[in-house]
1. Using the alpha-carbon centroid of each, what span in Å lies between the stretch 13-46 and the stretch 57-128?
2. So which lysines pass the test for Lys99, namely a Cα distance under 25 Å, with those fewer than 8 places away in the same chain ruled out?
3. Using 0.36 nm per residue of separation minus the Cα-Cα distance, give me the extension gain between Asn5 and Leu142 in nm, one decimal.
4. In debye to the nearest 20, how big a dipole does the chain give about its Cα centre with +1 on each Lys and Arg Cβ and -1 on each Asp and Glu Cβ?
5. How far is helix 2-19 tilted, in degrees, relative to the longest principal axis of the Cα atoms in the chain, given as a value from 0 to 90 rounded to the nearest 10?
6. According to the Cα gyration tensor, what semi-axes, each the square root of 5 times an eigenvalue, does the equivalent ellipsoid of the stretch 123-207 have, listed from largest to smallest in whole Å?
7. With a 1.4 Å probe and all protein chains in place, put His172, His144 in order of accessible area, largest first.
8. Helix 122-138 versus the longest principal axis of the chain: what is the Cα-based angle in degrees, 0 to 90, to the nearest 10?
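The values are calculated or read from the model by the stated rules, or taken from the named source; none is laboratory data. Just so it is clear, the model here is predicted, and its values are computed rather than measured. All Cβ positions, even for glycine, are placed from backbone atoms using ideal geometry, and neighbour counts span all protein chains on display. For accessibility, only protein heavy atoms count, side chains too; no ligands or nucleic acids. Shrake-Rupley method; radii C 1.70, N 1.55, O 1.52, S 1.80 Å.
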Amino acid sequence: MKDANLGDAAYAELKDRLSRGAYKPGDKLTVRSVAEALDVSSTPARDAINRLATENALVYAGPKTVIVPILTEADLREITLIRIALEGLAAQLAVDHAKPEHIEQLGEIQVLINAALDSRDYARSLWHNKEFHFLVYRLSGLPHLVSMIEAQWLRVGPSFYGLYPEFAEAKHGVRNHEMVIEALTDRDGGGLRAAFENDIRDGYRRLRFAVRERAAAL
């Protein structure tokens, strides 16, 4: 039972790191590197890798090595369409459950995001970005919907590095997040949904450009 619990914990941690952009597309992972990163033995690390490989979040490049998938433009478009539908719905439903403390917490997270952007610490910015989004999505009160959204973040999370530095310099995400906080304060469900949809679309345009740049370089 102990090994099973460790395997579940390693899987959850590695999955969360992937969805937050802790790894980039094309990064190679081994059982040893994952075990060291998660501070576990090789068995739970291997279990976590195998489970994520079955979910196509990782792809085997050899008997002991997996890589973080590189999305195609078609992959990115599909993920974006699903995200707009699911995340827009979760956001619109969240407005009825938001309390002042939630809005305050979002503001505190945004301060951390802004500080990370100013220092060009994009890994830290991405880490806090997920906290911002999912704080709102969980307020929908629909855990299965949130799980569906998490599945898409698992696919696209590593690609978020393609947003920077241009996305940070243009402050697209910052403005969209400010609109989220304003809509929640006003209890404007339509405005809240639009703010998240704009955020996803802005990101898509930049990520699509990054995919095309990569393809042209091959």
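1. 18 Å
2. Cα-Cα hits under 25 Å: Lys130.
3. 46.8 nm
4. 760 debye
5. Between helix and principal axis, roughly 50 degrees.
6. That gives 20, 17, 11 Å for the three semi-axes.
7. His144, His172
8. Rounded to the nearest ten degrees, it is 60.
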